[in-house]
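Right, one structure below, let's go through it.
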Amino acid sequence: MENNRVSLIGHICGDIRVLKRDEFSDNKEIQKVELIVIPNDIYDKQGVPNSQRCHAYGTTARMLYAHVRSGDRVSLEGHLRRVDIRD
C-alpha cells in the first residue's frame, strides 16, 4: 500500500525495549522491539515535540537493539497500523 508510507527523522528517546523473544530457539533471538522516536518536525500546540511509538520485527529489531541507543539520530520508514486501546 503505497499511500500508507511514513518517514520519520528524529532522535531515539530512552532505551529500546524488547517486547518478544523467540522462545523455541536456544539463543532466545529478539523478535520484536519498541522504540520511541521524537521527530524533528512534529510539534503540539505548545511547541513541544510529540513522540512516536514504533515497533520493529525480526532482523530489523535485532539490528536496532544492537546498534541504536538513546539520543541517536535515526531515519525510519514504515507504515501505520491502527491500534484500538480500550479501558
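Values as computed for the structure displayed
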read-out	value
Carbon plus sulfur fraction of accessible area for the chain, probe 1.4 Å, in percent	48 percent
Anchor LYS20: lysines whose Cα lies under 24 Å away (excluding residues fewer than 8 positions away in-chain)	LYS28, LYS32
Modelled FRET efficiency - R0 22 Å, CYS13 with GLN46, Cβ distances, 0.05 increments	0.80
Helix-only CD estimate at 222 nm, as mean residue ellipticity for the chain, using -39500 (n - 2.57) per DSSP H run (n ≥ 4)	-3500 deg cm²/dmol
Degrees between helix 58-67 axis and first principal axis of the chain (Cα, 0 to 90, nearest 10)	70 degrees
Calculated Cα extents along the principal axes in Å (choose from (1) 49, 33, 29; (2) 66, 27, 19; (3) 69, 28, 20), label	(1)
Inter-site label distance for TYR57 and ASP26 at 7 Å from Cα along Cβ, in nm	2.7 nm
Average Cα contact separation per residue, the chain, under 8 Å, 6 or more apart, as relative contact order %	38 percent
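The values are calculated or read from the model by the stated rules, or taken from the named source; none is laboratory data. Keep in mind that this is a model prediction, so the values were computed, not measured. Every residue, glycine as well, gets a Cβ built from its backbone with ideal geometry; the counts of neighbours run over all protein chains shown. The area values use the complete protein model at the heavy-atom level, side chains included, leaving out ligands, DNA and RNA. Shrake-Rupley method; radii C 1.70, N 1.55, O 1.52, S 1.80 Å.
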